[in-house]
Amino acid sequence: MARMKFLCDAERCIECNGCVTACKQENEVPWGVNRRRVVTLNDGVSGEKSISVACMHCSDAPCMAVCPVDCFYRTEEGVVLHDKDMCIGCGYCFYACPFGAPQFPQTGAFGMRGKMDKCTFCAGGPEMDNSKEEFAKYGSNRLAQGKLPACAEMCSTKALLGGDGNVIADIFRDRALKRGKGAEVWGWSTAYGKPDKPQQEAPKGAKS
Amino acid sequence: MRANLSGVRHFFLGLMLILPLFGGTAWAQAQGQDTQAQRQQVQPGNNAPTWRKARSSVEGYTATKGRETGVLIQSEGETWRQLRNGPITRYGGWLVVLMLVAIGVFYAARGPIGLHSPPTGKMIERFSAFERIAHWAMAISFCVLAVSGLTLLFGKHILLPVIGHTLFSWLAELSKTMHNFVGPIFLFSIVVFVLKYIGDNWPRAYDLTWLVKGGGVLTGEVVPSGRFNAGEKIWFWGGVIGLGAVSCASGLVMNFPNFDQTRDVMMLANVVHVIAGLWYIMWAATHIYLGTVGTTGAYEAMRDGYVDETWAREHAQYWYEDVKAGRRALPSGEPGAAASATATAPPQVQH
């Protein structure tokens, strides 16, 4: 069984926020909630890098560990999901999560928390797959349709990869090897030299 | 293994000796690689500084507006998780159990604190209606908070396996809502209670004597005290005021998350709140014991407002003498000397 993971390639992410928009559109998330966000470090200076972040579906998930009603569960594919019918809106998962994934729509005065909402890896919730109830509470269940998360599918530079951990790790490894480091990153070998090809000789004969 | 280690040690010792030979340039270069911009000058494609930054809770830029949305990874959550799920739940839970067991053992060994002389049948007013309302408003809201708080902390381990997810989540939702709404009521009732009772809880010199003699609880001696004894005064200052202030302040931080307080502040408040709350519950358990089955006539005093004169003389001698001598008024405000006049006709109390 595949272990679903997210991977964001900081060399490729261009902070277009396409993943954020794709997620909102696909899942019709509650107002004020962003299941995914893009954070830029060293913004505007040399060395700027952007990273797209959402629920990482941890193996030892802190949200699951601290939930007082034990409303979280893990699917066979390693996706961390929760049951909104059980959630009491205490905010503990929001405290514990390293990635800031759990969020709460405000349901009353003084910041009263509603049911927690977070990225589902586009895998819905405990309701029947692709049912109306499931969509209303958790959004799209693309995994049940044989598709991968909308954010990663939509990524314009394929910086964000989502899927079987082994597969995306291979993709990333190949990419890193081809990309290499140093001058190769910027395409010097492509532009200035392919040593295994014979040197192109200057055309002979008199110029016309 | 030992040989390997000594080899490693020699290697590092060697390095330490050799490094200065390269002079300050290599060192300065390493220092200059702290930022991504500097690092990629020397090692293009090496993003270590970026990942270090991502891990360090530094806030970056994000188009997603909100509290701490620019933080990629925060570490405090894991510390809080280890504290809350570990020692706080484990030792806190056992301490509460231990306290209840200790009270049970004390009751079995010592039994209730009774009266030494037979009751006179003459009743004296101990608490006014307002004082009793102030006490019970605080006591009832405290019990609601204690039960709901214990449910939220230990219910997952004790109730959930027994009553199942559906019923427990309903109970936990109720607990959370009650806790959040009764909390501010509790705070208000503490303020009213403290203002009303602070005068009679002011420390006096004879409180020390009472403390030294342990209130005569074990010896059976009748130790004189004011309206409230030193034990009650310590509970008033340390419990009602001290733990009340700590648990209310930390509770408000979590109850009103709409002031943009960050996660680490709320987690710190949670740890303080749970520790103060458990301590409060354990201390209150002793007070509830001594105010009900532990002391004959104590519960009736706070329920009906009246105690027998023997009870007043044995539990609050100085107060009783002051009231009888007319030096101070009765709790409801009637002149104290009138007590002896009305005492012949004790009020009929409906039980």
With under 16 Å from the mean Cα position of the chain (by Cα), more than 8 Å from chain B (Cβ to nearest Cβ) and part of a helix (DSSP H, G or I) as the only criterion, which of A:Cys23, A:Cys63, A:Cys58 stands out? A:Cys23
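Is there a residue being over 20 Å from B:Gly277 (Cα atoms), in a helix (DSSP H, G or I) and modelled with pLDDT of 95 or more anywhere in segment B:180-195?
Scanning segment B:180-195, I find at least one residue that is over 20 Å from B:Gly277 (Cα atoms), in a helix (DSSP H, G or I) and modelled with pLDDT of 95 or more, so the answer is yes.
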Tell me which of these B:Ala329 doesn't satisfy, since it passes every other one: (1) out of contact with any strand residue (DSSP E or B) (no Cβ under 8 Å at 6 or more places or on another chain); (2) closer than 22 Å to B:Pro118 by Cβ. (2)
Filter result for the condition that a residue is out of contact with any Ser or Thr (no Cβ under 6 Å at 6 or more places or on another chain), basic (Lys, Arg) and more than 21 Å from A:Asn166 (Cα to Cα), over A:Lys5, A:Lys84, A:Lys49: A:Lys84
Restricting attention to segment B:91-115, report how many residues are surrounded by 12 or more Cβ atoms within 10 Å (Cβ to Cβ) and outside any helix (DSSP H, G or I). 3
(1) touching an Asp or Glu at 6+ places or on another chain (Cβ under 9 Å); (2) away from chain B (no Cβ under 13 Å); (3) buried (at least 20 other Cβ atoms within 10 Å of the Cβ): which one isn't true of A:Val79, the others all being true? (1)
Go through (1) surrounded by fewer than 21 Cβ atoms within 10 Å (Cβ to Cβ); (2) more than 7 Å from every other protein chain (Cβ to nearest Cβ); (3) part of a loop (DSSP other than H, G, I, E, B) one by one and return the number of the condition A:Cys87 breaks. (1)
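Considering only helices (runs of 4 or more DSSP H) fully contained in segment B:1-90, which possess at least 1 residues that are modelled with pLDDT under 75 and either more than 7 Å from every other protein chain (Cβ to nearest Cβ) or within 30 Å of A:Gly32 (Cβ to Cβ) (or both)?
Hits in segment B:1-90: B:2-18, B:24-31.
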Looking at A:Ser52 and the list (1) more than 7 Å from chain B (Cβ to nearest Cβ); (2) in a helix (DSSP H, G or I), which single condition is not satisfied? (2)
Go through segment A:90-120 and give me each residue that's facing chain B (nearest Cβ under 10 Å), closer than 22 Å to A:Leu148 by Cα and touching a Pro at 6+ places or on another chain (Cβ under 9 Å). none
Hey, does segment B:122-140 have a residue that's buried (at least 19 other Cβ atoms within 10 Å of the Cβ), more than 14 Å from chain A (Cβ to nearest Cβ) and in a loop (DSSP other than H, G, I, E, B)? yes
Would you tally the residues in segment B:235-265 being part of a helix (DSSP H, G or I) and touching a residue at least 60 places away in the same chain (Cβ under 8 Å)? 7
Look at A:Leu81 and say whether it is free of Cβ contacts under 8 Å to residues at least 60 places away in the same chain, under 17 Å from A:Leu143 (Cα atoms) and of a type outside the set (Lys, Arg). yes
Which members of segment B:151-172 meet the condition of being within 22 Å of the chain's Cα centre (by Cα) and within 11 Å of chain A (Cβ to nearest Cβ)? B:Thr151, B:Leu152, B:Leu153, B:Phe154, B:Gly155, B:Lys156, B:His157, B:Ala172
Name every residue in segment B:55-66 that is loosely packed, with under 14 Cβ neighbours inside 10 Å and under 12 Å from B:Arg263 (Cα atoms), in order of residue number. none
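The values are calculated or read from the model by the stated rules, or taken from the named source; none is laboratory data. Fair warning: this is a prediction, and the values are worked out from it, not measured in the lab. Note that each Cβ is placed from the backbone with ideal geometry, even for glycine, and that neighbours are counted across all protein chains shown.
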